[in-house]
1. Out of all the residues in the stretch 1-30, which are under 15 Å from the mean Cα position of the chain (by Cα) and among the β-branched types (Val, Ile, Thr)?
2. Among the residues of the stretch 7-26, which ones are within 20 Å of residue 74 (Cα to Cα), surrounded by 16 or more Cβ atoms within 10 Å (Cβ to Cβ) and either touching a Phe, Trp or Tyr at 6+ places or on another chain (Cβ under 7 Å) or of a type in the set (Val, Ile, Thr) (or both)?
3. Check whether at least one residue in the stretch 29-38 is out of contact with any helix residue (DSSP H, G or I) (no Cβ under 8 Å at 6 or more places or on another chain), open to solvent by 60 Å² or more (accessible area, probe 1.4 Å) and either of a type in the set (Lys, Arg) or modelled with pLDDT of 95 or more (or both), and report yes or no.
4. Looking only at the stretch 68-108, count every residue that is β-branched (Val, Ile, Thr) and within 18 Å of residue 2 (Cβ to Cβ) and tell me the total.
5. Report whether or not residue 52 is closer than 20 Å to residue 108 by Cβ and hydroxyl-bearing (Ser, Thr, Tyr).
6. Specify which of the listed residues (12, 2) is at pLDDT below 95 and touching a strand residue (DSSP E or B) at 6+ places or on another chain (Cβ under 8 Å).
7. Is it the case that residue 70 is modelled with pLDDT of 95 or more, surrounded by fewer than 17 Cβ atoms within 10 Å (Cβ to Cβ) and part of a strand (DSSP E or B)?
Amino acid sequence: QVQLVESGGGLVQAGGSLRLSCAASGTSFSIKRMGWYRQAPGKQRELVADITSGGSTNLRDSVKGRFTISKDNAKNTVYLQMNSLKPEDTAVYYCAADIRFVNYWGRGTQVTVSS
């Protein structure tokens, strides 16, 4: 059974940094894409960044220049380095993985940025 386990969330002041990690387990198949989504209270879940198995990355405009997504294929782990955090980055951050055309989700990790 595929599991995605996130870690690294927390409370940080505006301008600070956090690094999220997501480790995928329970699959022997290649992970086509892994990504991070976030959902703030009262808002829809949105894609923050994703990365393909080949290393191509995609980031939403509001985080470009501040966030970086990377991965360790050997560990089936994806990272989200978040710098210069803003209060509007406050949300639950979810990891997602595309494995054989099925999207799997982690349980989420809370990121709170205080002003």
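The values are calculated or read from the model by the stated rules, or taken from the named source; none is laboratory data. Remember, predicted model here, so these are calculated numbers, not experimental data. Cβ atoms come from the backbone with ideal geometry, glycine included; neighbour counts cover every protein chain shown. The protein model used for the area step is the full one, side chains on, heavy atoms only, and it has no ligands, DNA or RNA in it. Shrake-Rupley method; radii C 1.70, N 1.55, O 1.52, S 1.80 Å.
1. Applying the first criterion (under 15 Å from the mean Cα position of the chain (by Cα)) to the stretch 1-30 yields 3-10, 17-24.
Passing the criteria: only 5.
2. 20, 21
3. Yes, because at least one residue in the stretch 29-38 is out of contact with any helix residue (DSSP H, G or I) (no Cβ under 8 Å at 6 or more places or on another chain), open to solvent by 60 Å² or more (accessible area, probe 1.4 Å) and either of a type in the set (Lys, Arg) or modelled with pLDDT of 95 or more (or both).
4. The first filter runs over the stretch 68-108 and keeps only residues β-branched (Val, Ile, Thr), leaving 68-69, 77-78, 90, 92, 99, 102.
So of that shortlist, the ones also within 18 Å of residue 2 (Cβ to Cβ) come out as 77-78, 99, 102.
The number of residues fulfilling the criteria is 4.
5. Numbers: closer than 20 Å to residue 108 by Cβ: no; hydroxyl-bearing (Ser, Thr, Tyr): yes.
No; evaluated as a whole, the condition is false for this residue.
6. Numbers: 12 fails: at pLDDT below 95.
Of 12, 2, the one residue that is at pLDDT below 95 and touching a strand residue (DSSP E or B) at 6+ places or on another chain (Cβ under 8 Å) is 2.
7. Values: modelled with pLDDT of 95 or more: yes; surrounded by fewer than 17 Cβ atoms within 10 Å (Cβ to Cβ): yes; part of a strand (DSSP E or B): yes.
Considered against the rule, which asks whether it is modelled with pLDDT of 95 or more, surrounded by fewer than 17 Cβ atoms within 10 Å (Cβ to Cβ) and part of a strand (DSSP E or B), residue 70 comes out as yes.
Yes/no matrix, rows are residues, columns are (1) open to solvent by 60 Å² or more (accessible area, probe 1.4 Å); (2) over 11 Å from residue 36 (Cβ atoms); (3) in a loop (DSSP other than H, G, I, E, B):
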position	(1), (2), (3)
65	yes, yes, yes
79	no, no, no
85	no, yes, yes
94	no, no, no
98	no, yes, no
104	yes, yes, no
110	yes, yes, no
113	no, yes, no
